[in-house]
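Asks: To start, I am sharing the structure in question, which I have written as C-alpha cells.
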Amino acid sequence: MMKKTTILFVALCAGSFALTGCSGAKKQLGLEKQVPDEFAVVKRAPLSLPPNYALRPPQPGAPRPQEQSTNEVARQTVFGAEEPQAATTAAAQTNSETLLLQQAGARGADPAIRTKIDQEADIQAEDNRPVAEKLLGLGNDQEPARVVNAKEEAARIRNNMETGQPVTEGETPYVDQQ
C-alpha cells in the first residue's frame, strides 16, 4: 500500500513538472504573465470641438457642398477637368512671380500644345515600331489572317502529288468569312 502511494505521488509530481513546462498548460492554469499586445492597443483621441463654431449640422435631403452633380462629373470626364485653381493662383501671385513667368515666356505658351504633341506622336508612331517589325516587314500593312479550306487544300495537294508537281503549286483555297 505504501508502495502504491509513493508511486502515485511520484507520478503526480512528474506530471505537474511536465505540465508546467508547456506554455498552453501554464496559460490555462494562470501561471503565465499576461502582457498586452502592442499592436492590438488602440489609442483613442480625446474629444474636441471643431475649429469652426459656425459649422451647422447637415439638413436632411440638402445637397452636400463638397459633392459635384452627376452632370458636372460627366462633363469633366468627357471634356477634361478644368482647373479653377489656375485663376485663383494667378490672382494670388506676387509681383516677383509674375515678372519671373513673363521673363521665362510662360505667359506666351500655346494653349493647343497638347493637340500638337498628339499629332506629332501619331506621325512618329511609324518610326517607333520595334526593330523586328521593321526588318521583317511586319506591321499594319499585312493582310488579315484567313482560314484555309481543309478539304479543298487536301484535294489540291493530292492532285499535285499525283501529277508530279510541287506541293506549293497552285492557289490555296480559303473559307470565305463574312
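Asks: With the requirement that a residue be modelled with pLDDT under 75, not small (Gly, Ala, Ser) and not in a loop (DSSP other than H, G, I, E, B), what does the stretch 39-88 give you?
Replies: Result: Pro84, Gln85, Thr88.
Asks: If you check every pair at least six apart or on different chains, which have Cβ atoms under 9 Å apart with a residue in the stretch 25-40 that is charged (D, E, K, R) first and a residue that is modelled with pLDDT under 75 second?
Replies: Matching pairs, first to second residue: Lys26/Leu19; Lys26/Thr20; Glu32/Ser23; Glu32/Lys26.
Asks: Output the number of residues of the stretch 128-178 satisfying the condition of being at pLDDT 70 or above, of a type outside the set (A, V, I, L, M, F, W, C), part of a loop (DSSP other than H, G, I, E, B) and on the phi < 0 side of the Ramachandran plot.
Replies: Total satisfying the criteria: 13.
The values are calculated or read from the model by the stated rules, or taken from the named source; none is laboratory data. For clarity, every value in this text was computed on a predicted model and none was experimentally measured. All Cβ positions, glycine included, derive from the backbone under ideal geometry; neighbour counts span all protein chains shown.
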